[in-house]
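Participant: The structure is given below, and queries will be raised subsequently.
The values are calculated or read from the model by the stated rules, or taken from the named source; none is laboratory data. All of these numbers come straight from a predicted model, not from anything done at the bench. In this analysis, Cβ positions are derived from the backbone assuming ideal geometry, glycine residues included, and neighbour counts consider all displayed protein chains. For accessibility, only protein heavy atoms count, side chains too; no ligands or nucleic acids. Shrake-Rupley method; radii C 1.70, N 1.55, O 1.52, S 1.80 Å.
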Amino acid sequence: MAFLGKTSCSAKVPLLDDTVPLTAVIEASQNLHSHTVIRRYSDFDMLNNSLLISGINLPLPPKKLIGNMDREFIAERQKGLQAYLNFITLHHLLSSSELVKKFLDTNNYSANYTEIALQQVSMFFRSDPKWEVIEPLKDMGWRIHKRYFLVKNKEQPKERQVLSWVDLGPDKFLSDKDLQSAMKLLPTITNPYISPVTFATTSESSALVIRVFSEKGTLRDHICKVKPKEPFLKKYCNPKKIQGLELQQIRTYGRQILEVLKFLHDKGFPYGHLHASNVLVEDETCKLLDVENSLLGLPSFYRQYITQFRKINTLESMDVYSFGHLLYEMTYGRPPDAVPVDHYPPAPSSSIVSVLQSILSTEACKTGMPTVSQLLQTPLFSDMLLFNSEKLQFKIPAKLKDALKMAKECLERRLQEEQKVIHQHRRLTRAQSHHGSEEEKKRRKILARKKSRQSAYENEEDLSAKYNNNSGTSLSFNSPAYSIVHCPFPLC
C-alpha cells in the first residue's frame, strides 16, 4: 500500500543543504511551498531502520499483518506516518541527513557525492602526487555536498591530515580569480585560535582544503564524550554522556572564540559559521575550523533560525547569535530545545545567563544582537586574561579586501531579502489563519447580523421619510402617469 505524505518547505525547518532546499514535511503557518510524496510503508520502515544509528526513539507506526487494508486503519496509519515525518523534519540533525533528504526528494539527491568527491580528489592528487588517501571519513559532517578523507603527505607519513571537498554554495559572490586568491591566503594566517590550513584551492564548482587532523576532536565531541571519526548522527543526535563545562572553561573558551571573531571582523574577513562542531579543542585552546566557508558561499548551520529574525541581518550579528547557541551548549551540555529562550536552568554563574539573555531571549531576537566588542566587555569575559606570545598575522591585499567587502554586502543583502519574504509570508499566513478561525467566523456572523439589522432599520426610516414627505401632496389618479387596476383579491 502506498501512502501520500504532504510535504512543505518551512522557514522553521532546517534547510541545511548547500544548494537545494530540503523538502520538509510539516504543516506549519510559515510554509512557503508544498507538494505530495508517495511512499510505501516498507519505504518508511527502511528509512526508520537506517536512522536507528541516531539512538532516537522515532514514532513510526507499528506493522500490522492482518487487517492492514481496512479503510479506517489506512487513514489512521497515514496520520501516523505524517506525524513521523513531521518529527524528523523538525529535528535539526535528522532533517539534514542524506538519508532523509533522499527519502523526501530523490530527484535532487540522487547523485553519489562520495564518488564525485573521489574523482575530484584523484584529479588533484595527479597534479600533486605527494598526497595519499588513507581512508574516507563517512558521514563525519552534516553537509551532503561535503566529503572528508583522512590523508597523509608521503614526505611526512606519520602525520595525519584531513582533506575536505565541497561544492560551492549559493552565497558565493567572489569572482573565481578573487576566490582563488583568498583561498591561497588561508595557509598564511597566524592566529592561535584558528586551526592552521595546510593547503587550499578551488575549481570552477568546488573547493578542496587540507588541515591537520585532531584526534581529540571538536568542542561538541568533547561535550558529548564521543570519538571524532564516528558518523554525526550517532555522535550528536542522542549522546549518552553529555556534560556542560566548568565555569573556568566556559569563560576561557568563550573569551578565545570572541577574540578570534573580532580578529576576523577587524580584517574584513567574513565568517558566519560558528558552532560547536567548528571549534577544535587542543590543550585548553579553542581553534576555529572552516574559516573558508563564507568564501565558498555555504549556508550557516543556524540559517533556518536566523531567517526568522530580521534584526539578525549582518555577518557579525550572525556570529553573535551563533555564539549564544555555543555558550548555551557549553553551559548545559546540549543545544537549546527551541529559540528564543526566555527561561534558563540553573547555570554555574548568573553572568552566563545575562549573556545568554542578551542574545537568545525574545527581546534580543526582536531588537538586535550585541556586538562582539560589547560581549568582550561583559563581566563574564572582561577580566579573563589570555596568555599568548604568538604574533597575529593575516595580510589581505587592498584589492581583495574590497572584493571581500562587496561579497559580504551581497551575502547580507540576500539574507535580508529571504527574511523579508519569510516575514511577509508569515503575516499573510497568520491573517489567513485568523480569518478562518472559529472565533473570527463567529465575530463575522455577529457583525453581519448587526449590519443586516442596521440596514433594515435604515430602510424603514427611508420609507417613513418618503411617506411623510408625500402625505401632504395631492395625487390625481386620473393623471396619465397612473392607471387603475382592479384586483379580485382583498388587499392585506
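Participant: Excluding P61 itself, what net charge comes from residues whose Cβ is under 15 Å from its Cβ, given Lys and Arg +1 and Asp and Glu -1?
Facilitator: +1
Participant: Please give the contour-minus-distance gain from A75 to K225: 0.36 nm per residue of separation, less the Cα-Cα distance, rounded to one decimal in nm.
Facilitator: 49.7 nm
Participant: Work out the count of Lys pairs in region 56-109 where the Cα-Cα distance is under 22 Å, with the pair 8 or more places apart or on different chains.
Facilitator: So the count of such lysine pairs works out to 4.
Participant: Enumerate the calculated ³J(HN,Hα) couplings along region 176-193 in order (Karplus 6.51 cos²θ - 1.76 cosθ + 1.60, θ = phi - 60°), each rounded to whole Hz, writing x wherever the residue is Gly or Pro.
Facilitator: 4, 5, 5, 5, 4, 5, 5, 5, 5, 6, 4, x, 8, 5, 10, 7, x, 10
Participant: Further question on the same structure: DSSP loop (so not H, G, I, E, B), at most 10 other Cβ within 10 Å: list which trypsin sites (Lys or Arg not before Pro) in region 202-285 pass both filters.
Facilitator: K240, K241
Participant: How far is it, in nm, from the label point at R427 to the one at T36 when both lie 7 Å from their Cα along the line to the Cβ?
Facilitator: The answer from the label model is 3.3 nm.
Participant: Would you tell me the accessible area of H275, worked out with a 1.4 angstrom probe on the heavy atoms of the protein chains, in Å² to the nearest 10?
Facilitator: Per-residue accessible area (H275): approximately 10 Å².
Participant: Can you give me the P(r) profile for region 167-320? Cα pairs, bins 5 angstrom wide beginning at 0, each as a whole percent.
Facilitator: So the P(r) values, bin by bin, are 2, 8, 17, 19, 21, 18, 11, 4, 1, 0.
Participant: Another question, then. Going from most exposed to least, what order do K64, K227 have by accessible area with a 1.4 Å probe?
Facilitator: Order by accessible area, largest first: K227, K64.
Participant: Which entries in K130/K408; K152/K287; K235/K366; K130/K395 show an alpha-carbon gap greater than 31 Å?
Facilitator: K130/K408; K235/K366
Participant: Follow-up question, since we're still on this one. For Y305, Y321, Y332, what's the largest-to-smallest order of accessible area, 1.4 Å probe?
Facilitator: Y305, Y332, Y321
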